[in-house]
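The values are calculated or read from the model by the stated rules, or taken from the named source; none is laboratory data. All values derive from a computational prediction rather than experimental measurement. Backbone-built Cβ (ideal geometry, glycine too); neighbour counts: all protein chains shown. Quick note on the areas: whole protein, heavy atoms, side chains included, nothing else; ligands and nucleic acids left out. Shrake-Rupley method; radii C 1.70, N 1.55, O 1.52, S 1.80 Å.
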Amino acid sequence: ETLSNISLMKRMVRNNMPMPQEKKKYTFADYLGWDENERVEIINGEAIIAQAAPSPVHQEVAYQIARQIGNYLEGKRCKVYPAPFAVCLNTGKNEEECDTVVEPDISIVCDMSKINEHGCKGAPDMIAEVVSPSSARRDRMVKLNLYEQAGVKEYWIVDPVEQSIQVYLMDAGRYRVADYYAKGDIAKVHVLDGCFVELSKVFK
């Protein structure tokens, strides 16, 4: 999952940036200079690149969830943002010093003061990740912990193979499993009053 030395060196040369041996920890300032066509995240200063392009099923599942939430939010203050969308989870003194930058498949943000030209500065209200074989461990463990620590109120782990959604809600600073949905169920978006996602339209 970690960028290989070869691919990272190529990226640094292309963007006229310091070589890996000169720079041990990456921040949002580095992220802004990388190739926009590749999904790269930074977790605690370490650059992580997606192993493969998302599959058509992955994209369809993410699109259907974002579409239903987007339809509900039309005319409302909260917004839904599908990937690619940069989220700085720990902003430090300023945005460029952020050393954890993720690109969730779906983000819901209700505090528009967090939105700027680059993405979201701080924790979204809700995040959904659509797992794939190459991302399952990161989504279920690493990102679960990251989102919990950052204060993301609601986290969905969406599994296209199992056709299921596991929902985590923040409770006294820790995540608890709130819901488990399967194909045919109607999933509740807890951070949005009256918002539901029909899974029969998501898992086809």
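Of all stretches in the chain that contain no GluC sites (Glu not before Pro) in a DSSP loop with at most 16 other Cβ atoms within 10 Å, the longest one is 118-161. In this model, which of LYS79/LYS201; LYS121/LYS204; LYS79/LYS121; LYS121/LYS153 are farther than 24 Å apart at the alpha-carbon? The pairs that break the limit, which is 24 Å between Cα atoms, are LYS121/LYS204.
Taking a ≥ b ≥ c as the square roots of the Cα gyration tensor eigenvalues, with a/c under 1.5 meaning rounded and otherwise prolate when a/b beats b/c, else oblate, which class fits segment 39-134? Here segment 39-134 falls in the oblate category. Once you order the gyration tensor axes a ≥ b ≥ c over the Cα atoms, which shape class does segment 51-192 get: rounded for a/c under 1.5, otherwise prolate or oblate by comparing a/b with b/c? Here segment 51-192 falls in the rounded category.
Compare VAL130, VAL87, VAL161 in a GNM of the chain, Cα atoms joined below 10 Å, and give the one with the largest fluctuation. Checking each option, the largest mean-square fluctuation is seen for VAL161.
About the centre of its Cα atoms, segment 112-196 shows a dipole size close to 260 debye [charges on the beta carbon of Lys, Arg (+1) and Asp, Glu (-1) only; nearest 20 debye]. Taking amide H atoms as placed 1.01 Å from N in the peptide plane, the amide H of SER164 lies under 5 Å from those of ASP159, each 5 or more residues away in sequence or on another chain. The residues of the chain present an accessible area of 51 Å² per residue when probed at 1.4 Å with all protein chains retained. Per-atom-type breakdown for the chain gives carbon and sulfur 49% of the accessible area (1.4 Å probe, protein chains only).
Note on the chain: helix-only mean residue ellipticity at 222 nm, from DSSP H runs of 4+ residues weighted -39500 (n - 2.57) and normalised by residue number, equals -6000 deg cm²/dmol. Springs between Cα atoms under 10 Å define the GNM used for the chain, and in it the highest mean-square fluctuation of ASN94, ASN37, ASN71 occurs at ASN37. For the pair segment 73-115 / segment 173-204, the C-alpha centres are spaced 21 Å from each other.
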